[in-house]
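The values are calculated or read from the model by the stated rules, or taken from the named source; none is laboratory data. Small disclaimer: the values here were computed from a predicted structure and weren't measured. Note that each Cβ is placed from the backbone with ideal geometry, even for glycine, and that neighbours are counted across all protein chains shown. SASA here: full protein model, heavy atoms, side chains in, ligands and nucleic acids out. Shrake-Rupley method; radii C 1.70, N 1.55, O 1.52, S 1.80 Å.
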Amino acid sequence: MVRKRRDGSLADAVTWIEVPSGSDFPVENLPVGVVRVGGRTRVATRVGDRVIPIGDVVDDPMFEAPTANAFLAAGPSTWSEVRDRLAAWVADPANERPLTPVDEVEVLLPISIGDFVDFYSSIHHATRVGRLFRPDAEPLLPNWRHLPIGYHGRAGTIVVSGTPVARPSGLRAGPDGGVARGPSRQLDYEAEVGFVVGVGSDPVSPVRPDAADRHVFGAVLVNDWSARDIQSFEYQPLGPFLGKSFATTISPWIVPLAALERYRTAPPHQDPVPDPALVDPGDGAISLQVEAAINGTTVCRADLADLYWTFAQQYAHLTSNGASTRTGDLFATGTVSGPGDGASACLLESTDRGARPVRLDDGTARSWLADGDEVVLRAWAGGLDAPRIGFGSATGRIVG
């Protein structure tokens, strides 16, 4: 029998698997990913540094698939049942056996992604960017506090952590008012968190924020790489396009909402009160520490709970016009910047659009990313008097 707290999280979780101190993947996490091991592609979970094919615990063909989509589509009751069975299996000493180390498997993109939506939910990010681009005007446009602003991205260029990121080329503003084509000179990262749809929504059936948990399975880290010079030349009047569509990196392990339940908290005060279809009546925010590093130097620390719009409000908004969602759809928060300079989650902000380069530990400086730079995103909840529930990393290296 698996004991649970009132919030649904695992209580008194134990395991015979050795979990290193400070690991992102204690038994309370039980993320879902896809690995290639022994010539087979399998849906798996992870405890500490060990990988467990879920099909070895739960005999069901959906865990022998090349993606986790079938499991995610099975819905909340199945998610909970499988989670409980995994927790019981790793707690029972009778099951003790050698398990495959994570560094001996190939970790793959965990889902087949049909649609990708990226939001713009940090009021701190939106305010700083507004001041950079409209210094003599109100930084927030009139609609910003009324709905989560977003755009549709390219699902086909989402890649798993560790995939090299090629510097994009495109049209950008040239000297003397001209236009030039060439490699981006203002390549940037964006530290974000993405949410994965498990059970899709029906057409013309909007989902209210308090029902989002019935549809959203879990979360990943997202780096929505941005070519700022290409983006700034093209984005008016229809928004981001080629400046963002060349690559988006996600972390390989989907952390279930169930693992993050005890870290839910009240969102920031919203003024004006949102439209009734967007009111989040509960603890829709998640206290999640998000960190970005360039070549080993930490350049950002922010808290997901500082976002103005919660993931539930984002999901409600993207369905509010009757649009449907499908299993595997991914929607991201947008840059998770918080208050203070150290919480600027992209170089556009932290360098004032390139005017104030950031210093790295090796003595070099960056206004924008250089070829060879490696950006690593990490995130975790808890870690003091509660289990550390982490995401591993979303890593990408720039190649010319």
field: Overall dimensions of region 240-372 as given by Cα atoms, namely Rg and Dmax in Å
entry: 17.3, 52
field: Hydrodynamic radius of region 15-170 per Kirkwood, over alpha carbon pairs, in Å
entry: 18.8 Å
statement: Highest GNM mean-square fluctuation among P61, P272, P357, for the chain with Cα springs under 10 Å, belongs to P272
message: Averaged across orientations, what area in nm² does the convex hull of the alpha carbons in region 303-398 project?
response: 9.2 nm²
- prompt: Looking at the square roots a ≥ b ≥ c of the eigenvalues of the Cα gyration tensor of region 85-226, which shape do they give, rounded for a/c under 1.5, prolate if a/b is larger than b/c, or oblate?
  reply: oblate
- request: Please find the FRET efficiency linking V14 to D60, where r is the Cβ-Cβ separation and R0 is fixed at 25 Å, and quote it to the nearest 0.05.
  value: 0.50
Accessible area of region 255-390 divided out per residue, in Å², using a probe of 1.4 angstrom: 38 Å²
message: Can you compute the modelled spin-label distance between L384 and R145, with each label point 7 Å from Cα toward Cβ, in nm?
response: 3.1 nm
field: Cα-projected label distance for E374 with Q236, points at 7 Å along beta-carbon direction, nm
entry: 4.0 nm
message: As a test of reading the structure, rank R208, R172 by solvent-accessible area (1.4 Å probe, protein chains only), most first.
response: R208, R172
field: Principal semi-axes in Å for region 68-119 [√(5λ), Cα gyration tensor, largest first]
entry: 28, 19, 8
Answer label for Rg/Rh (Cα atoms, Kirkwood Rh) (calculated), chosen among (1) 0.97; (2) 0.99; (3) 0.94: (1)
task: Mind checking the full-extension length gain between T265 and A277? Use 0.36 nm per residue of separation minus the Cα-Cα distance, one decimal, nm.
output: 2.3 nm
query: For region 125-207, what mean projected area does the convex hull of the alpha carbons give, in nm²?
result: 9.5 nm²
message: Connecting C-alpha atoms closer than 10 Å in a GNM of the chain, tell me which of A219, A227, A74 has the biggest fluctuation.
response: A74
field: Label zone at V204 (point 7 Å along Cα-to-Cβ), backbone N below 17 Å, region 314-332
entry: 319-325
task: Please work out the C-alpha center-to-center distance from region 324-363 to region 200-247 and express it in whole Å.
output: 15 Å
- prompt: Taking the C-alpha atoms of region 361-400, how large are the radius of gyration and the largest Cα-Cα span, Dmax, in Å?
  reply: 14.7, 45
field: Residues listed by number, region 220-238, amide nitrogen under 20 Å from R181 label point at 7 Å toward C-beta
entry: 227-236
message: I'd like the accessible area for F241: 1.4 Å probe, protein heavy atoms, all chains in place, Å² to the nearest 10.
response: 130 Å²
